[in-house]
Amino acid sequence: MRLISFPFVLSLLAGAGTLFAFAPFGYWQIQIASLALLFILAQRAKSSKASFRLGWAFGTASIAAGTHWLYVSLHDFGGMPSWMASLAIFLLAASLGLLYGFALGLAKRITIILQWPMTLILLMPMCWMLADWTRGWIFTGFPWLVTGYAHNISPLSGFAPLIGVFGIGLLANVLAGCVALIIMLRRPQWVAVALLIVIPLGGNALKDQQWAAPLGQPISVRLLQGNVPQEMKFEPAQIEASLALYREMITAKPADLIATPETALPLLSTQLPPDYLDQLSAFAKEKDSRLLIGAPWSTAPGIYLNSVIGIGNGVSYRYDKHHLVPFGEFIPMGFRWFVDMMRMPLGDFGRGDLHQPAFHVKDQWVLPNICYEDLFGEEIAAQLLAASDRHAPVPSVLLNVSNIAWFGDTIALPQHLQISQMRSLESGRPMLRSTNTGATAVINHRGEVVAQLPPFTQGSLEASVQGTQGLTPYVRIGNSLPVGLAALVVALLWLRSRGRSVYD
């Protein structure tokens with residue numbers, strides 16, 4: 001059988017087209033249509049191997065198109081040859097694409113053996129969602145642009161506080177399966193039509209449900225965006241300029257909370273000028289402000305952490321990043337040669353604990369996360385739940401500090417903002433974002449961007465932020481409902497199929 005066929009090419013194109021379903025484009029309908037086409041092609045495939053190839057092609061093209069901006073960090077900043085940077089992105093996408101190949105291959109095999117009639121609207125959607133979920137943890141996880149993220153502005157966003165981004169992804173897959181079923185049979189199917197009506201209407205109705213209540217009084221915040229060029233950030237002259245810049249920006253005006261981007265101070269804590277933090281502490285005390293400052297922190301010789309330092313009136317606080325970026329913050333075994341090829345200040349950071357306390361700011365408790373830690377909604381939910389179970393102060397405001405200048409002026413910035421919006425929807429908490437080049441923003445507890453600085457500008461975003469209390473169903477149960485249900489159905493059908501045989 002030919003490896004390259006017309007259905008294979010269609011799958012590649014459909015997968016690449018899903019790029020336009022996510023920010024900054026927001027045409028989520030394209031995703032539904034693309035998945036519907038994929039499911040039709042897989043259903044018409046003559047074997048599970050053919051379905052595997054279709055799933056792999058779609059998944060690989062989708063991931064490669066959605067994360068093409070990795071080229072900027074590898075080539076422009078890392079100095080990697082263009083061919084090698086392109087190959088590295090393809091190999092990443094192709095490796096993760098195998099998950100989607102296995103998903104459709106398994107669904108097709110079960111269908112061939114059992115002739116299960118609900119393949120398009122249940123089995124394929126469930127297998128596809130399980131591939132999304134697996135991508136969220138395998139090899140430490142890279143769930144960037146999994147299916148559900150396209151729907152922070154669609155009717156399905158109302159389901160986020162209940163079932164999270166993977167649950168939303170499952171519902172999107174089901175809608176695609178319903179469209180595929182109607183097209184394949186060339187006549188309306190009452191189950192498919194009913195689901196196409198009920199699921200979006202249910203999501204819209206759930207948007208009016210209040211899962212969180214205000215906590216205390218709002219706080220005034222200033223979120224700083226230094227716009228320090230990445231190619232200059234670690235140059236000796238720029239290091240001194242950055243220290244002066246952020247000292248000036250922090251002390252320019254008081255606020256209940258002032259936050260800087262990730263590694264705004266580009267020196268280890270042991271390398272800072274002796275009076276630098278003392279000056280900031282004196283300002284915080286005089287103006288009754290609280291500061292959260294991104295800086296690498298050294299706890300002992302040779303041990304350093306990607307941290308956020310909290311400074312206030314007599315307050316000492318530190319949050320240490322716990323979910324590290326492979327190759328960027330730790331080097332996987334056997335890949336030192338790959339990192340050595342790049343001209344980047346990379347190394348192995350220490351890991352913070354998953355459960356760390358929040359930072360007290362007047363009536364609110366602020367829980368930081370650093371850079372792509374906000375991709376992992378189940379970890380943020382676990383932190384909120386753990387604080388409640390321990391009868392500790394439950395965070396009422398989330399704060400993401402990032403420096404994704406590594407990816408230049410690309411769609412990585414609005415994509416990351418969209419991810420933060422999903423975390424607000426899931427948790428019922430406002431999310432503050434302080435970034436080096438963008439997107440510095442304030443997101444309310446309903447996932448809406450209420451204030452934002454223009455990207456690639458230097459400035460301070462001022463806002464009044466109301467924290468919230470109460471735990472959403474998603475915070476309480478995480479991904480258990482959608483993942484557990486899908487895994488159970490697929491496992492039962494697979495076990496049933498093992499008792500039969502077919503030459504496929």
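The values are calculated or read from the model by the stated rules, or taken from the named source; none is laboratory data. Only a predicted model underlies this, so the values are computations on that prediction, with no experimental measurement involved. Virtual Cβ from ideal backbone geometry, glycine too; neighbours counted across all protein chains shown.
When the helices (runs of 4 or more DSSP H) confined to region 409-504 are screened for residues that are at pLDDT below 95, those reaching at least 3 such residues are found at 480-498.
One line per residue, one yes/no per condition, for (1) in contact with a helix residue (DSSP H, G or I) (Cβ under 9 Å, 6 or more places away or on another chain); (2) closer than 24 Å to Leu170 by Cβ:
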position: Ser402; (1), (2): yes, no
position: Pro430; (1), (2): yes, no
position: Gln458; (1), (2): yes, no
position: Glu462; (1), (2): no, no
position: Pro473; (1), (2): yes, yes
position: Gly478; (1), (2): yes, yes
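Return a yes/no flag: does region 240-249 have any residue that is free of Cβ contacts under 8 Å to residues at least 60 places away in the same chain and crowded, with 21+ Cβ neighbours inside 10 Å. Checked against the condition, which is being free of Cβ contacts under 8 Å to residues at least 60 places away in the same chain and crowded, with 21+ Cβ neighbours inside 10 Å, region 240-249 yields at least one hit.
Looking only at residues that are among the aliphatic types (A, V, I, L, M) and modelled with pLDDT under 95 in region 340-376, which one is nearest to the chain's Cα centre (by Cα)? For region 340-376, the residue satisfying everything is Leu354.
Filtering region 165-211 to residues that are polar (S, T, N, Q), within 25 Å of Asp374 (Cα to Cα) and either assigned to a loop (DSSP other than H, G, I, E, B) or in contact with a strand residue (DSSP E or B) (Cβ under 9 Å, 6 or more places away or on another chain) (or both) leaves Gln209, Gln210. Residues that are within 14 Å of the chain's Cα centre (by Cα) and either among the hydroxyl-bearing types (Ser, Thr, Tyr) or not in a strand (DSSP E or B) (or both) within region 397-408 comprise Ser402, Ile404, listed in sequence order.
Looking only at residues of region 272-298 that are out of contact with any helix residue (DSSP H, G or I) (no Cβ under 9 Å at 6 or more places or on another chain) and over 25 Å from Trp365 (Cα atoms), we find that the one that is modelled with the highest pLDDT is Asp275. When region 231-267 is filtered for residues that are closer than 23 Å to Val442 by Cβ and among the aromatic types (Phe, Trp, Tyr), only Tyr246 remains.
Here's the yes/no breakdown for (1) buried (at least 24 other Cβ atoms within 10 Å of the Cβ); (2) over 28 Å from Tyr246 (Cβ atoms); (3) assigned by TED's automatic domain parsing to the domain that holds Val146:
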| residue | (1), (2), (3) |
| --- | --- |
| His391 | no, yes, no |
| Ser434 | yes, no, no |
| Thr437 | yes, no, no |
| Gly447 | yes, yes, no |
| Ser460 | no, no, no |
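What about Thr260, is it among the β-branched types (Val, Ile, Thr) and surrounded by fewer than 17 Cβ atoms within 10 Å (Cβ to Cβ)? Taking the combined requirement at face value, the residue does not satisfy it. (1) in a helix (DSSP H, G or I); (2) among the aromatic types (Phe, Trp, Tyr); (3) surrounded by fewer than 18 Cβ atoms within 10 Å (Cβ to Cβ): which one isn't true of Phe234, the others all being true? The failed condition is (1).
Flag: Phe52 matches the condition of being part of a helix (DSSP H, G or I) and crowded, with 19+ Cβ neighbours inside 10 Å.
Scanning region 1-18 for residues that are surrounded by fewer than 23 Cβ atoms within 10 Å (Cβ to Cβ) and part of a helix (DSSP H, G or I) returns Phe6, Pro7, Phe8, Val9, Leu10, Leu12, Leu13, Ala16, Gly17.
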